[in-house]
Amino acid sequence: MYDFENGAHLLRKCEKYGVPISEIMKRRELEFGGLSEEMIRTKLDKVFEIMDHSIHDPIEDPHDSMGGLIGGEARMVWYHKLKGNTLSGSFLSKAIAYSMAVLETNASMGLIVAAPTAGSSGVVPGCLMAGMEERGFTKEQFDKGILNAGAIGYILMRNSSVSGAEAGCQAEVGAASAMAASALVEIMGGSPEVCFNAASLALSNLLGLVCDPIAGLVEAPCQSRNSIGAANAIVCADLALSGVKHQIPFDEMSKAMYRVGRSLPFELRETAMGGCAATPTGCALRYQCVVGEQIGERLEPLSKV
C-alpha cells in the first residue's frame, strides 16, 4: 500500500493521504521493512548518534586519513567560521565544515552513515546537524529529514544509481545533495511537490560531475565535493521554498542523470585514471600513498590548541 516506484508515485501517495514524504517513508518501513514504530525510533536515534560523532570528532581531535591526503580541513573551516569572516554565513559555513568532517571520519576508518554512500556521507548530516545548531531544528524534525532523504535515495537507487563507479560522482554527491535539499524543504514546511522540485534542482546543478578519486581513495577530491553538495542542497532548498521551479520533473532528472553517468568514459567513473587523479600531481600523490609516505603532520587535539 505504501511502497512507491518513483517520485510521481510517491507524490500521489502524499496527496492521497495528506501527509509529507517522511510519513509515507515511515509507513513503508512499517509495512515492508518488518519494523515497528519503536524499532524505527531506535534506528533513527542510532543514525543521529553516529552522525553526531562523525561530525564533531574530527573537529575536536583531527587525524590524518589512511592515505594521508586529508585530515584537519574541517577544523580549519570551523576556526574560519569562528573568526566571523566567512563569506557564506554561519549556517552554510557550519554545514560545509560538518560535511567535510564526515569524510575525515570515513577516511580514518571511523564509523559513518552511508547517505547514500561512504563517498557522499557528509552532505545529509552536514546540512541537518548544522540546521539543528543554527536554525533550531528539533530531533523530531531531524528524524523526519532522515526519512525524507531516505525516500529520495530509495527512488534514485531504484530508478537510477548512487554509485560513482556506475554513474560518476553526480550519482553519489549529486544524489546526496538531492536528498538533503528535499529533507531541508520538508523541515522548513515545504510541500512534497516543493521537496521534489528542490531535489530535481540539486541533481541538475551537479549533472556531469565525474568520479576521479586521487590514488583511488575516497578522500580527495571527495571531501571538498561533499562541501559543494551541502552548499548546493541549501541553495536548492531556498530556491524551491521561494517558489523557483525547475523545468524538469524529478523522475526525468533522475533518468537524465543516469544516462549522463553511463555516457561518462570509464576513466571518469571511480577508476582513478582520469580527472584530478590523472594529473601529474595526482599521480605523484598516488605514489606517495602506495609507498606509505604520510602527507602533513598529525594535528593536536582541540583541547591542546
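The values are calculated or read from the model by the stated rules, or taken from the named source; none is laboratory data. Every value quoted in this text rests on a predicted model; they were computed, and no experiment measured them. When we count neighbours, we look across all protein chains shown, and the Cβ atoms used for this are built from the backbone with ideal geometry, even at glycine. In case anyone asks, the SASA skips ligands and DNA or RNA and just uses the protein heavy atoms, side chains included. Shrake-Rupley method; radii C 1.70, N 1.55, O 1.52, S 1.80 Å.
A few notes on this one:
- The range 78-105 - residue that is open to solvent by 30 Å² or more (accessible area, probe 1.4 Å) and of a type in the set (Val, Ile, Thr) and, of those, modelled with the highest pLDDT: Ile96
- Odd one out for Gln247, checked against (1) closer than 16 Å to Gly168 by Cα; (2) not in a helix (DSSP H, G or I): (1)
- Only residues that are under 13 Å from Gly122 (Cα atoms) and among the aliphatic types (A, V, I, L, M) were counted across the range 48-83, and they come to 4.
- Residue check for Asp57: touching a Gly at 6+ places or on another chain (Cβ under 9 Å), of a type outside the set (A, V, I, L, M, F, W, C), in a helix (DSSP H, G or I) and open to solvent by 40 Å² or more (accessible area, probe 1.4 Å): yes
- Meets criteria (assigned to a helix (DSSP H, G or I) and open to solvent by less than 40 Å² (accessible area, probe 1.4 Å)) for Leu239: no
- Residue in the range 82-105 that is in contact (Cβ under 8 Å) with a residue 12 or more places away in the chain, among the aliphatic types (A, V, I, L, M) and not in a helix (DSSP H, G or I) present: no
- Of the residues making up the range 242-274, those that are at positive phi and open to solvent by 40 Å² or more (accessible area, probe 1.4 Å) are Gly243, Glu270.
- When the range 106-135 is filtered for residues that are open to solvent by less than 20 Å² (accessible area, probe 1.4 Å) and either part of a helix (DSSP H, G or I) or aliphatic (A, V, I, L, M) (or both), the ones remaining, listed by number, are Ala107, Ala115, Val123, Val124, Pro125, Gly126, Cys127, Leu128, Met129, Ala130, Gly131.
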